[in-house]
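Contents: one structure, followed by commentary.
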Amino acid sequence: MIAIVPLMLLPLLAYNLIMLGVFGGMATFSANLLSLNMMSGADWTMSGGDLLIVASLVILFVEIMKATRTSTFSVVDHLLSMLVFVAFLIEFLMVKNAATQVFFILMTIAFIDVIAGFAVSIRSASRDVSIGL
């Protein structure tokens with residue numbers, strides 16, 4: 001039953017907790033977490049927002065893998081993923097602190113999760129249909 005919970009809910013919750021100041025407020029997104037000197041001489045840095053986006057991309061991969069299974073709960077999983085995307089969209093449009101590049105990219109990842117989930121499910125369902133002649 002826990003497998004039907006959309007994992008994209010985690011970045012949404014993480015962003016909101018950071019926005020509310022649980023982890024230090026909005027400055028957490030711009031704070032550099034990692035800085036490496038590259039062989040080219042350039043400095044590569046990763047901020048908190050970058051890390052949240054990378055984690056969301058990993059979650060997107062897991063969600064797409066979840067979409068390949070055919071079960072009775074797959075429709076519920078897609079419905080809940082759609083609701084998470086709608087929550088992202090409403091928050092992006094209505095909350096001032098959510099109007100950031102990081103949140104927009106997270107919302108786009110949630111949208112891709114919804115579209116890819118439906119596309120993969122439809123494609124795999126068409127392979128399950130066999131017509132006997």
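Values in this text are rule-based calculations from the coordinates and carry no lab data. Source: prediction; values computed, not measured. Here the Cβ is made from the backbone with ideal geometry for all residues, glycine too, and neighbour counts use every protein chain on show.
Which condition does V62 not pass, out of (1) loosely packed, with under 14 Cβ neighbours inside 10 Å; (2) free of Cβ contacts under 8 Å to residues at least 40 places away in the same chain, if it passes all the others?
Answer for V62: the failing condition is (2).
Answer with yes or no whether G41 is free of Cβ contacts under 8 Å to residues at least 12 places away in the same chain and either surrounded by fewer than 16 Cβ atoms within 10 Å (Cβ to Cβ) or under 16 Å from L10 (Cα atoms) (or both).
So G41 fits the description; yes.
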